[in-house]
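In what follows, a single structure is set out as structure tokens and then discussed.
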Amino acid sequence: MREVLTWLHDWGTSTVVILCIINFIIAVGIIFIERKNPPAALAWIFVLFIFPGFGIVCYILLSQNISRQRVFRLSKNEEYFARKALRQQISDMSQGLYAYSDEAYTWRDMVRLNQTYSGAYYTQDNKMKVMTDGIDFMTSLYQDIEQAKDNVNIEFYIIKYDEVGKKLLSLLEKKAREGVEVRLLIDAVGGREIWERRLTGFIEAGGKFAFFFRPKLRMINLKLNYRNHRKLVTIDGRVGYIGGFNIGREYLGRKKKFGYWRDTHLRFTGGCVRDIDTRFLLDWRTASGENVPLAAAWYEPAESDGNIGVQIVSSGPDSSKEEIKRAYMKMITTARRNVYIQTPYFVPDQSILESLKMAAQSGVDVRLMIPCMPDHMFVYWATYSYAAELVNSGGRVFVYDKGFLHSKLMIADGEVISCGSANFDRRSFSLNFESNAFVYDKKEAERMEAIFEKDMRDCHELTKRLYESRSLWIKFKESISRLLSDLL
């Protein structure tokens, strides 16, 4: 028995020594790999030495850098048409040859930024419908899919295999049997409840299905940190959806844990639908391997009687540009009257946080709305820490009490709206694949302001006095979460 105990002791000691050596080697590597991001480097080193062994596994699964990979590929002809169209539009706008709205003219510097930095085409012929309730969203989506004649392209981060998800899958199978070309794209992590055998009927009906960044081994996903968080739908090239809702019973307010689910999704008709469709097809080609050609008439004017200006901006970890974050910063720093923000996760990097603080200190009415309950615990407490910092700089923070707030919305000066899948956190800025619509229209922006102000009635305000009265235990949780915020 003594020999066994001695062997176990020696084995345990050797294991600890080996783990410490590996930790040290990885820590030295992190210093060089993350040299452009010191906070992230320090956070990883903290995790490695506080949780030896477990920290190594987390680093292997979560720390990959795919910024140099060409995840989405355009053919030479597609690149030629896209660049030519953008160059022509920028030239026409700068010469006053392009008739666009007063709001877009006021915000022309931001339109130009999204064109040159993000490659986002501007369309001025759109109509928009706003949906903030899950039942309204699903009803509208089902009606449009029912009327599809040619194709349905549908992409969500999460589709649950519950009564809501099954109803959508059944409808898609029905349309596929009618001869409609249906493509269904789900993120491999968010859609883990969906297996091929649960889609047998859909596939046999002719429906096409793909996982985004599907792992070779089902239980081991080495791209765990890089998820397709987009929620996009296009139908017959005439209707497009973009926003925050996923597919599942909780998004209709049917899950007791969350209660009422408050989100925002936009339905478009007009030229921007082609841009949403293009984003979907690029994602689809990466996930499915199907070489679907993008339309040669990619940027030709669409037939529509709308008059709302829209740009679809996408970003992801395959690029270091952080396009949506850059557009957010432009909205914040350009605003002169107010900035209203709804987000479930508020874990900004220093540049975004300083932009918001500077706006508030300059007299801009900065209001932030966050949920009253945790969806992800560490993110929740980090959110409160950063929100309090905004309050201390003159901003106002409102905590939504009616249920769970999942809306990703920003409104500036009652003239510009940003709505899509991107949260106000570092994960959305640099780790997830995201898409947002930037809308230039005074009428719609003022309508969204009114919705925001109505939501305030279901909130309590996070004041300095209320925040400072929190317990020592909450302060500890906030401190740990804030320390790990670069990894959240």
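The values are calculated or read from the model by the stated rules, or taken from the named source; none is laboratory data. Everything numeric in this text was worked out from a predicted model, so none of it was measured. Cβ coordinates were reconstructed from backbone atoms using ideal geometry, including for glycine residues, and neighbour counts include every protein chain displayed.
Of all residues in the stretch 413-428, those that are among the acidic types (Asp, Glu) have Cβ atoms under 9 Å from Cβ atoms of residues that are assigned to a strand (DSSP E or B), 6 or more apart or on another chain, in ASP413/ASN338; ASP413/VAL339; GLU415/TYR440; ASP425/PHE346; ASP425/VAL347.
For GLY96, the conditions (1) on the phi < 0 side of the Ramachandran plot; (2) without any contact (Cβ under 8 Å) to a residue 12 or more places away in the chain are fulfilled apart from (1). Restricting SER421, SER435, SER430 to residues that are under 19 Å from LYS321 (Cα atoms), within 22 Å of the chain's Cα centre (by Cα) and modelled with pLDDT under 95 narrows the list to SER430.
Picking from residues in the stretch 356-380 that are under 20 Å from the mean Cα position of the chain (by Cα) and assigned to a helix (DSSP H, G or I), the one that is farthest from ASN432 (Cα to Cα) is LEU356. Selection over the stretch 240-278 of residues that are in contact (Cβ under 8 Å) with a residue 60 or more places away in the chain, assigned to a strand (DSSP E or B) and either within 18 Å of the chain's Cα centre (by Cα) or surrounded by fewer than 23 Cβ atoms within 10 Å (Cβ to Cβ) (or both) gives a count of 13. Has the stretch 263-274 got any residue that is touching a strand residue (DSSP E or B) at 6+ places or on another chain (Cβ under 7 Å), among the hydroxyl-bearing types (Ser, Thr, Tyr) and more than 21 Å from GLY237 (Cα to Cα)? Yes, the stretch 263-274 contains a residue that is touching a strand residue (DSSP E or B) at 6+ places or on another chain (Cβ under 7 Å), among the hydroxyl-bearing types (Ser, Thr, Tyr) and more than 21 Å from GLY237 (Cα to Cα).
Screening GLU196 with (1) touching a helix residue (DSSP H, G or I) at 6+ places or on another chain (Cβ under 8 Å); (2) buried (at least 19 other Cβ atoms within 10 Å of the Cβ) gives one miss only, at (2). For residues that are part of a loop (DSSP other than H, G, I, E, B) and under 27 Å from the mean Cα position of the chain (by Cα), scanning just the stretch 155-184, find the one that is nearest to GLY420 (Cα to Cα). Checked the stretch 155-184; the qualifying residue nearest to GLY420 (Cα to Cα) is TYR157. On inspection, VAL152 qualifies as of a type outside the set (D, E, K, R), at pLDDT 95 or above and closer than 23 Å to CYS419 by Cα. Taking THR116, is it farther than 27 Å from VAL292 by Cα, among the polar types (S, T, N, Q) and out of contact with any helix residue (DSSP H, G or I) (no Cβ under 6 Å at 6 or more places or on another chain)? No, not satisfied.
Conditions (1) at pLDDT 95 or above; (2) surrounded by 16 or more Cβ atoms within 10 Å (Cβ to Cβ); (3) within 16 Å of the chain's Cα centre (by Cα); (4) part of a helix (DSSP H, G or I), marked per residue:
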position	(1), (2), (3), (4)
THR383	no, yes, no, yes
ALA388	no, yes, no, yes
VAL439	yes, yes, no, no
LYS443	yes, no, no, yes
GLU446	yes, no, no, yes
SER481	no, yes, no, yes
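If the condition is being of a type in the set (Asp, Glu) and not in a loop (DSSP other than H, G, I, E, B), then the stretch 279-295 contributes only ASP283.
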